[in-house]
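Beneath this line is the structure, given in structure tokens, with notes to follow.
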Amino acid sequence: MKIIIDPEGNKIFWKKGDLHTSFGVVKEDKIKNGIVETHLGKNLVIFDAHFVDLLERIERGPAIMNKKDIGTILSYTGINNKSKIVDAGTGCGILAACLGNISKNVVSYERRKDFYELAQRNLKFLGVKIKLKQKDIFEGIDEKNLDLITLDLLEPWKVVKHAQRNLKSGGFLVSYLTNINQVSQLVDNLDGFYVEKVLETIERGWVVDGVKVRPEHQGLLHTGFLVFARRI
């Protein structure tokens with residue numbers, strides 16, 4: 001699959017066939033990486049699609065975690081290809097996929113059958129191999145000696161006792177929450193953990209076009225809260 005960027009900055013996903021756009025047509029045999037001209041003389045930028053591009057093409061179902069929040073989790077926990085990770089509340093599988101793109105030892109729990117099946121399809125499309133379980137994590141965690149547990153659940157405090165038993169000393173419990181009342185209740189119930197930080201990630205792009213350099217009028221502001229706790 002290739003990514004094609006038109007003169008207005010729109011992103012097009014292409015696999016095969018002639019490309020028809022409002023800026024002109026490019027025949028299939030002319031589509032190659034680099035800058036390609038349409039029959040109307042307009043330039044298109046073409047390059048190979050990567051994992052982060054394919055994330056934009058997965059099937060949607062439940063509310064999806066934003067990449068800025070996923071990136072914050074990855075950077076603050078410092079996981080690597082040997083990290084043992086449990087994820088819960090798989091949903092469409094976007095966080096599980098990003099974790100599995102780094103570590104080869106990821107298990108994700110999803111209680112609902114429809115979300116479980118949706119995540120299976122998305123992980124197959126992305127080419128990411130993790131172990132996906134249709135199981136309620138509130139009933140317990142099978143995996144031991146974990147480096148990280150990520151939770152995208154309405155009541156994450158119900159997992160704390162299981163996490164305390166199954167995380168390594170210093171291992172991370174990270175929860176993504178949509179409202180501050182959930183955050184407060186989780187923090188109040190983190191027995192056996194040190195609360196390292198509670199944060200939200202704000203993203204604001206900039207326009208850089210010659211002498212016109214300014215922040216964009218709209219940013220990607222509050223999407224959710226992240227609670228980072230470490231097992232004592």
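The values are calculated or read from the model by the stated rules, or taken from the named source; none is laboratory data. Predicted model only: the values in this text are computed from it and were never measured. Heads up, the Cβs are rebuilt from the backbone with ideal geometry, glycines too, and the neighbour counts pull from every protein chain shown. Protein only, heavy atoms only, side chains kept; ligands, DNA and RNA dropped before computing areas. Shrake-Rupley method; radii C 1.70, N 1.55, O 1.52, S 1.80 Å.
Assorted remarks:
- Subset of the range 56-104 [open to solvent by 20 Å² or more (accessible area, probe 1.4 Å) and part of a strand (DSSP E or B)]: LYS84
- If the condition is being among the polar types (S, T, N, Q) and either in contact with a helix residue (DSSP H, G or I) (Cβ under 8 Å, 6 or more places away or on another chain) or at pLDDT below 95 (or both), then the range 92-108 contributes ASN101, SER108.
- Condition met for ARG111 (under 30 Å from LYS197 (Cα atoms), open to solvent by 40 Å² or more (accessible area, probe 1.4 Å), basic (Lys, Arg) and at pLDDT 95 or above): yes
Here is a yes/no grid of residues against (1) among the charged types (D, E, K, R); (2) over 14 Å from ILE141 (Cβ atoms); (3) in contact (Cβ under 8 Å) with a residue 12 or more places away in the chain:
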site	(1), (2), (3)
ARG165	yes, no, yes
LEU173	no, no, yes
TYR194	no, yes, yes
TRP206	no, yes, no
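- Within the span defined as the range 120-127, one or more residues are touching a helix residue (DSSP H, G or I) at 6+ places or on another chain (Cβ under 8 Å), aliphatic (A, V, I, L, M) and not in a strand (DSSP E or B).
- Residue count, the range 12-55 (criterion: in contact (Cβ under 8 Å) with a residue 12 or more places away in the chain, of a type outside the set (A, V, I, L, M, F, W, C) and open to solvent by less than 90 Å² (accessible area, probe 1.4 Å)): 10
- Residue-level check: of (1) open to solvent by 80 Å² or more (accessible area, probe 1.4 Å); (2) under 20 Å from PHE228 (Cα atoms), LEU151 misses just (1).
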